[in-house]
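Report on the structure given below.
The values are calculated or read from the model by the stated rules, or taken from the named source; none is laboratory data. Keep in mind that this is a model prediction, so the values were computed, not measured. FYI the Cβ positions are ideal-geometry reconstructions off the backbone, even for glycines, and counts take in every protein chain you see.
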Amino acid sequence: MDRERIAEILQYYGIGHFSEYRIIDSSRNNSYRLNIIIEDKYILRIHDGSEITEKRLEEIDKLAARYRQIDVLAPKLLKNDFGKYILTMEDQIAYLSEYLAYETCEAMDKELFIRDVHPDLLKMTGRFSKKFSGVDLSETFSMWSIFDLAPFDEEVDEKQENLNTLLKFLDDEGFSTLAAAFALANKENRTHLKKIYKDLPRTVIQGDLNSSNILIKDGKFVGLIDFNMAGTEVNVNHFCAETNGFPDFDDMESKKMDEALSDWLDEQECSLSFILSEYTLNEVERIALPLYRNLGLISQYPNVMSYIRLMKRDKNLGERMLRSILKIVKGKYDSAKSEI
């Protein structure tokens, strides 16, 4: 796309002059996508996808405004001369937002992130959920949703799809009994969770707190970008998903398995404590939280991938790990079940 065409589009958004711009082409296969950064102030997005609608952008803009209410930077979307976010151009659409010229956490040292950024990010999560629970919920569900499907889900939610990958792997490797045990644990936790999940507080959230979407200034958390996965989510499910951590058992020795597993679970509890320093669980949430945690343990994407890698490297050690996970899940399930 040339400068003249960019200028023509920007005029509809009240921008009559600009000097510097750069184009990031993220097109794939038959999908055309351009991100054009204008003077480090705006980002013009050109899409040919039908998933971007006026209603969806309205949801995103409203959510970004809520984050700004609690002093978290989030980009505003701009409306054009027609009072719309989207400008339709033949086979493509365009829309414009602020560009927040801050660093992301992608290149940040992991230890510094854990010390200086992650606690504030988690506290913000609790603070945001407390303030906006039940407020003008979106019809779109977040990527974390269980039972209710997110926009990119097809027949099942993402966690069920992840678990299906693990079950197939175990069956193919001759661990059908273990696969059946995981399938049963999933069914039990989902069955009991389904009895209460409609009563759980929920909030519209950004829904994708990965390092490329977290903005920092002077090594401190300041804002969020990329709201493509945003949507309504049950608060405790969100809390469990964002405090899952990223288990890495690739270099684990047999004698360190219990220690590695214990450290991972302790890390989850520590992270959750930051959220709960700003948010108080009600009685139903306290029952639901271990059920959501269980579903994360057996079917959140990084967990499933770590289990499969470990099984490929050392089947005996991998089987021991998975049986230990099942034991933990059983304990949490029995405790929650007794209260439902």
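Which one of Lys159, Lys194, Lys130 is of a type in the set (Lys, Arg), within 30 Å of Glu283 (Cβ to Cβ) and buried (at least 20 other Cβ atoms within 10 Å of the Cβ)?
That would be Lys159, the only listed residue that is of a type in the set (Lys, Arg), within 30 Å of Glu283 (Cβ to Cβ) and buried (at least 20 other Cβ atoms within 10 Å of the Cβ).
For Ile70, state whether it is assigned by TED's automatic domain parsing to the domain that holds Leu96, within 30 Å of Asp120 (Cα to Cα) and at pLDDT 95 or above.
no
Just to be sure I understand the filter: pairs with C-beta atoms under 8 Å, separated by 6 or more residues or on different chains, first member in region 161-177 and more than 20 Å from Arg190 (Cα to Cα) and at pLDDT 95 or above, second member of a type in the set (Phe, Trp, Tyr) and not in a loop (DSSP other than H, G, I, E, B). Which pairs pass?
What qualifies is Leu170/Phe182.
Tell me, please, whether a residue that is of a type outside the set (D, E, K, R), exposed (fewer than 14 other Cβ atoms within 10 Å of the Cβ) and under 21 Å from the mean Cα position of the chain (by Cα) can be found in region 80-89.
Among the residues of region 80-89, not one is of a type outside the set (D, E, K, R), exposed (fewer than 14 other Cβ atoms within 10 Å of the Cβ) and under 21 Å from the mean Cα position of the chain (by Cα), which makes the answer no.
Quick one: which residue in Leu322, Leu291 is more than 21 Å from Lys130 (Cβ to Cβ) and under 19 Å from the mean Cα position of the chain (by Cα)?
Result of the check over Leu322, Leu291: Leu291.
For the structure I just gave you, tell me whether Asn282 is surrounded by 16 or more Cβ atoms within 10 Å (Cβ to Cβ) and modelled with pLDDT of 95 or more.
Here the answer is no, as Asn282 does not meet what is asked.
Taking region 281-312 only, how many residues are among the aromatic types (Phe, Trp, Tyr) and either under 15 Å from Asn237 (Cβ atoms) or in contact with an Asp or Glu (Cβ under 7 Å, 6 or more places away or on another chain) (or both)?
2
For region 228-244, indicate whether the set of residues that are assigned to a helix (DSSP H, G or I) and surrounded by fewer than 18 Cβ atoms within 10 Å (Cβ to Cβ) is non-empty.
Within region 228-244, not a single residue is assigned to a helix (DSSP H, G or I) and surrounded by fewer than 18 Cβ atoms within 10 Å (Cβ to Cβ).
Does Ala65 count as among the hydrophobic types (A, V, I, L, M, F, W, C), within 26 Å of the chain's Cα centre (by Cα) and surrounded by fewer than 19 Cβ atoms within 10 Å (Cβ to Cβ)?
It is true that Ala65 is among the hydrophobic types (A, V, I, L, M, F, W, C), within 26 Å of the chain's Cα centre (by Cα) and surrounded by fewer than 19 Cβ atoms within 10 Å (Cβ to Cβ).
Can you tell which of Leu276, Leu272, Leu261 is farther than 14 Å from Leu289 by Cβ and in the same structural domain as Phe128 (by TED's automatic domain parsing)?
None of the others qualify; the one that does is Leu261.
Considering only region 192-212, I want to know if a residue exists there that is small (Gly, Ala, Ser) and farther than 22 Å from Leu297 by Cβ.
Looking through region 192-212, at least one residue is small (Gly, Ala, Ser) and farther than 22 Å from Leu297 by Cβ.
How many residues, within region 140-168, are acidic (Asp, Glu), touching a helix residue (DSSP H, G or I) at 6+ places or on another chain (Cβ under 8 Å) and not in a helix (DSSP H, G or I)?
Going through region 140-168 one residue at a time, the tally reaches 1.
Residue by residue through region 8-36, note down the ones that are under 18 Å from Leu77 (Cα atoms) and either outside any loop (DSSP other than H, G, I, E, B) or outside the structural domain of Ala94 (by TED's automatic domain parsing) (or both).
Ile9, Leu10, Gln11, Arg33, Leu34, Asn35, Ile36 - these are the residues of region 8-36 that are under 18 Å from Leu77 (Cα atoms) and either outside any loop (DSSP other than H, G, I, E, B) or outside the structural domain of Ala94 (by TED's automatic domain parsing) (or both).
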